[in-house]
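> The structure follows.
The values are calculated or read from the model by the stated rules, or taken from the named source; none is laboratory data. Bear in mind that the values here come from a model prediction, so they are computed numbers and not experimental data. Cβ placement follows ideal geometry from the backbone for every residue including glycine, while neighbour counts extend to all protein chains displayed. Areas reflect the complete protein model, heavy atoms only, side chains present, ligands, DNA and RNA absent. Shrake-Rupley method; radii C 1.70, N 1.55, O 1.52, S 1.80 Å.
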Amino acid sequence: MTEITKNLYQFSIYIPPIDFTIHQYLYASEPSILFAAGTVQQAKQILPEIKEILGDRELKYIFVSHMESDEAGGIPVFKKEYPGLTVICGDLAARELSGYGYEGNIIAECDGELIEDGELRLRLFDYPAEVHNQNGLLCLEENSGIFYSADLMLRYGNEVGNTIRSDWHDEVNSITAERIKDDKQRKELQCSLHQIDPRFVAVGHGYCIECECDTF
Ligand SMILES: [Fe+2]
Ligand SMILES: [Fe+2]
């Protein structure tokens, strides 16, 4: 586990045969939020560390970008430890989760919505999540400038704990059809993302990005 930027803890595994990292992030704000639950195995592994970081505090939210094991698999592990937790996701994931037997709290949101709670201001973006072509979500925490990008800015390599500096708009322009197949959907998302100025990109896979055009 690494505190990759202030109050944001990165948990990772590296899979050598495919040269790939998978990350989850705990933002230890008040209230706290986990970006991506990880798989069941990862969730079991990171739960003790999360408990240590949060101490007496509860984990209040898990942000689920889209329904895939690295994003949503570990939810039951956290639900058992923190029964009051709430999953923030899109409509489709909300339906899928109940189909998988999840009976806890869900906030199902869509593009442009803002969730405000204590130190959190979560701005949501529709995310047609590549191969699954699902209506997923991405999230900018506006107070800290942390943007959780799920698979959108995915890179290969063993990048556990690594951050590079890059220009946000260059990163947005570099989103290819490999990440979002449909031209219209990709351009729409790029257009929305050009209107924000994140300070830090917490990626689902690869190295994180400290943005050079930050206004924070
Ligand atoms: Fe995915
Ligand atoms: Fe992923």
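> List the relative contact order of the chain as a percent without decimals, with contacts defined as Cα pairs under 8 Å and 6+ residues apart.
18
> Consider all pairwise Cα distances in segment 2-211 and report the whole-number % of them above 24 Å.
Taking all Cα-Cα pairs of segment 2-211, the fraction more than 24 Å apart is 35 percent.
> Now, a different point. With each pseudo-label sitting 7 Å past Cα toward Cβ, what's the ASP91-GLU3 distance in nm, one decimal?
Each label point lies 7 Å from its Cα, and together they span 4.1 nm.
> Separate question: Quick one: pull the percentage of alpha-carbon pairs in segment 58-113 with a separation above 15 Å.
The calculated P(r) of segment 58-113 puts 40 percent of pairs beyond 15 Å.
> Output wanted: per-residue J couplings in Hz (rounded whole) for segment 23-29, from phi through Karplus 6.51 cos²θ - 1.76 cosθ + 1.60, θ = phi - 60°, x for Gly and Pro.
Each residue of segment 23-29 in turn: 10, 10, 9, 9, 9, 8, 7 Hz.
> Between LYS51 and CYS110, how many nm apart are label points set 7 Å from Cα along the C-beta direction?
About 4.0 nm separates the two model spin labels.
> May I ask you to give the percent of accessible area on segment 131-174 that is carbon plus sulfur, with a probe radius of 1.4 Å?
Answer for segment 131-174 is 39 percent, counting heavy atoms of protein chains only.
> Now for a different question. Based on the Cβ-Cβ distance of ALA177 and ASN143, what FRET efficiency does E = 1/(1 + (r/R0)^6) give at R0 = 41 Å, to the nearest 0.05?
For R0 = 41 Å, the calculated efficiency reads 0.80.
> Counting only heavy atoms of the protein chains, get the accessible area per residue of segment 2-211 (1.4 Å probe) and round it to a whole Å² value.
That works out to 43 Å² for each residue.
> For the pair GLU188/SER98, report the inter-label distance in nm, with labels modelled 7 Å from Cα in the Cβ direction.
Rounded to a tenth, the inter-label distance reads 2.4 nm.
> Here's something else I'd like to know. Given 0.36 nm per residue, what is the gain on full extension from ILE196 to ASP117 after removing their alpha carbon distance, in nm?
26.4 nm
> Something else: Let me spell out the model: positive unit charges on the Cβ of Lys and Arg, negative unit charges on the Cβ of Asp and Glu, origin at the Cα centre of segment 2-211. What dipole size does that give, in debye rounded to 20?
Numbers: 18 positive and 35 negative charges, 59 e Å.
Here segment 2-211 has a charge dipole of around 280 debye.
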